[in-house]
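Report on one structure; see the data block that follows.
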Amino acid sequence: MLGFDLYRPRTLQEALKLLAEFKGSARVLAGGTDLLISLRAREREDVKNIIDITSLRVLDFIQEDDSRLRLGPLTAHAQIADSPHIRQGAGLLAAAAAAIGSPQIRNRGTIGGNVVNAAVCADTVPPLVALGASVKLERMEECRWLPLEEFITGPNRTRLEADEMLTEIAFAKLTATAGWGFTRLARREAMAIARMNVAVVLERDSRGRVVTARIAPGAVLASPARIPQAENILLGQCPDEALIHQAGQAVATAMTASGSRWSTPYKEPAIIALTERAIKQALEVEWR
């Protein structure tokens, strides 16, 4: 493991001051489930200072108002999976958090770390994209908000500046008429990194026609995004098997358009099947 200096700030302002002082040679430690592994593998040669924010309880929260949910970056995956607020207002995020790793990882790993690490396989990112989430980035005496799709720019790349910290994730709660689906494919049923995942949010009118569609796949694109071609197939329609399959094919087309690899012939039917399942889950939410 690389050698580094460890700092444990007592306030958020103290943490931000340290980030400004170290000018890019520092990394923030939240749950540590990604950072410590990369340090042990000597993948972060530029890291000279670690800022441990685990004691900053001001960053550990799940808050709800009339229309929005707000999450602190130190909120653990287990908290999200078990939260009645998340289960009711953003069930797909609770389902994704419950699928991450082992109980130990879910109790230690944080939503902020999952987002900032920006791994293409991050299970919470597609649900957050489907929910229209934005992130709050703070530096000394300044903050800004970015949509999550703009914040993550590629595999393990974000728009987080060296002196900034992610301090909040926020999104609108799903309406009572919204359905959702979340599916994933991994080598095992549990304790395995997702090879692909899909998050879907659908709203229908009184006649069963889709009026809102959000489809966000994970681990198949270079950066998080919705697939409007797939969403448009469902909009204004009462989806049947044929339309659902067409939407799945549109997601597969978007995947192959981003690049082809040796595994693409396997992944194409797999992402179609995952998308179909997620859409069907969203359409059947009232029977859960």
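So, R0 is 45 Å and r is the distance between the beta-carbons of Ile105 and Asn232; what FRET efficiency does that work out to, to 0.05? For R0 = 45 Å, the calculated efficiency reads 0.75. Computed from the C-beta positions of Leu36 and Arg68 and an R0 of 41 Å, the FRET efficiency is 0.80 to the nearest 0.05.
Annotation: for a label point projected 7 angstrom from Cα along Cα→Cβ of Ser258, residues of segment 212-250 with backbone N closer than 17 Å are 214-231, 248-250.
Spatially, segment 78-133 and segment 144-211 are offset by 9 Å when compared through their Cα centroids. Karplus-derived 3J(HN,Hα) values for segment 16-27, using 6.51 cos²θ - 1.76 cosθ + 1.60 with θ = phi - 60°, are 5, 5, 5, 4, 5, 5, 8, 6, x, 8, 10, 10 Hz; glycine and proline are entered as x. With the charge dipole of segment 131-288 set up from +1 on Lys and Arg Cβ and -1 on Asp and Glu Cβ about the Cα centre, the Cα lying farthest toward the positive end among the listed residues Asn232, Ala282, Thr177 is that of Ala282. Each principal axis of the Cα cloud of segment 180-283 was taken in turn, and the coordinate range along them, longest first, works out to 43, 30, 23 Å. Backbone geometry of segment 264-279 corresponds, through the Karplus equation with coefficients 6.51, -1.76 and 1.60 at θ = phi - 60°, to 3J(HN,Hα) couplings of 4, x, 7, 5, 4, x, 5, 5, 4, 5, 5, 5, 4, 5, 5, 5 Hz, x marking Gly and Pro. Please give me, ordered by residue number, the chymotrypsin sites (Phe, Trp or Tyr not before Pro) of segment 1-107 that lie in loop per DSSP and have at most 14 other Cβ atoms within 10 Å. Answer by residue number: Phe61. Remark: relative contact order (segment 53-188) = 26 percent; criterion is Cα-Cα distance under 8 angstrom and separation of 6 or more residues. From largest to smallest, the equivalent ellipsoid semi-axes obtained for segment 5-52 from the alpha-carbon gyration tensor read 19, 12, 7 Å. The label point for Glu141 and the one for Arg87, both projected 7 Å from the Cα toward the Cβ, are 4.6 nm apart. In a fully extended conformation the segment linking Asp5 and Glu284 would gain 95.2 nm over its present Cα-Cα distance, using 0.36 nm per residue.
If you average the sequence gap of Cα pairs under 8 Å that are 6 or more apart and divide by the length of the chain, what percent do you get for the contact order?
15 percent
Starting from segment 204-241, pick out the trypsin sites (Lys or Arg not before Pro) whose DSSP state is loop and whose Cβ has at most 10 other Cβ atoms within 10 Å. Intermediate results must be reported in sequence, preceding the final value.
Working: sites: Arg204, Arg207, Arg209, Arg214, Arg226; in loops: Arg207, Arg209, Arg226.
Of the trypsin sites (Lys or Arg not before Pro), the ones in loops of segment 204-241 whose Cβ has at most 10 other Cβ atoms within 10 Å are Arg207.
Each value in this text was obtained by applying a stated rule to the coordinates, not by laboratory testing. No experiment lies behind these values; they were computed from the predicted model shown. Note that each Cβ is placed from the backbone with ideal geometry, even for glycine, and that neighbours are counted across all protein chains shown.
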